[in-house]
1. Quick one: helix 42-52 against the long Cα principal axis of the chain, what's the angle to the nearest 10°, folded into 0 to 90?
2. Go through (i) 18.8, 60; (ii) 21.1, 82; (iii) 23.7, 88 and flag the label whose value is the computed Rg and Dmax of the Cα atoms in Å for this structure.
3. For the chain, take the longest principal axis of its alpha carbons; what is the angle in degrees between that and the long axis of helix 238-249, to the nearest 10 within 0 to 90?
4. So if each residue of separation counts as 0.36 nm, and I subtract the Cα-Cα distance between residue 54 and residue 215, what length gain in nm does that give?
5. For each of 203, 8, 169, count neighbouring Cβ atoms within 10 Å of the residue's Cβ, then give the residues from fewest to most.
6. Using only the alpha-carbon atoms, how far is helix 124-137 inclined from the longest principal axis of the chain? Give it as 0 to 90 degrees, nearest 10.
7. In what sequence, highest mean first, do 149-157, 83-91 appear when ranked by Cβ atoms within 10 angstrom?
């Protein structure tokens with residue numbers, strides 16, 4: 001079967017599932033490849049096979065460089081460290097393939113939506129959830145997703161997107177070859193401390209990827225400069241008061 005799209009990394013928690021489903025829904029012939037064996041990915045593999053049949057194929061327990069060299073489109077898992085050094089992705093780039101991630105592709109498709117991007121070394125998931133809850137409580141339709149694992153595809157047009165972004169996602173959005181470089185209405189960085197240096201190589205590269213999110217927003221907020229929230233809060237702790245202040249600021 002001829003393949004025109006490769007999904008690199010289905011993920012033990014189904015991280016590549018929505019990427020594969022969206023490509024298959026477009027009528028593409030898709031190859032899903034993962035280092036894990038089928039047993040570890042059974043639920044996602046079964047769902048794809050039952051829904052799309054022969055339209056999807058699998059290479060599990062390892063990658064094959066030839067699959068990447070022949071692909072027109074590759075959807076990479078952002079968890080792959082230092083992708084600029086990855087031999088499989090390098091083969092695809094050298095062959096002229098388009099390489100992107102699910103979040104980059106999704107944000108390009110939803111570029112007409114109001115979007116709040118939230119990143120940081122700690123507290124970004126909590127702040128994303130709080131920001132989403134605050135919008136909904138205020139009567140503003142909103143959908144959250146991104147690094148939280150919830151797909152944004154199919155979001156109604158009147159919804160504000162609240163997107164949690166990791167530093168790896170940021171690299172694919174702004175630093176990768178042919179990166180889409182989306183612009184956000186609001187971007188918030190909760191804080192900045194050494195993290196994921198195995199992925200980035202050094203603190204400078206990590207900080208640069210985080211900063212790129214703020215640099216591509218109409219309004220940028222630095223959570224480290226905000227005073228903690230002093231009102232009633234259902235979740236305890238000083239850090240959650242800081243997260244709440246950041247969420248309300250966003």
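1. For 42-52 against the chain, the angle is about 70 degrees.
2. It is the one labelled (i).
3. 80
4. On the way: separation 161, 0.36 × 161 = 57.96 nm, distance 4.36 nm.
Length gained between residue 54 and residue 215: 53.6 nm.
5. Details: 203 13, 8 27, 169 24.
Fewest-to-most ranking of 203, 8, 169: 203, 169, 8.
6. So the inclination is approximately 70 degrees.
7. Details: 149-157: 14.0, 83-91: 16.9.
Ranked by mean Cβ neighbours within 10 Å, highest first: 83-91, 149-157.
Values in this text are rule-based calculations from the coordinates and carry no lab data. Since we're looking at a predicted model, the values are computed, not measured. Reconstructed Cβ throughout: ideal geometry from the backbone, glycine too, with neighbour counts over all protein chains shown.
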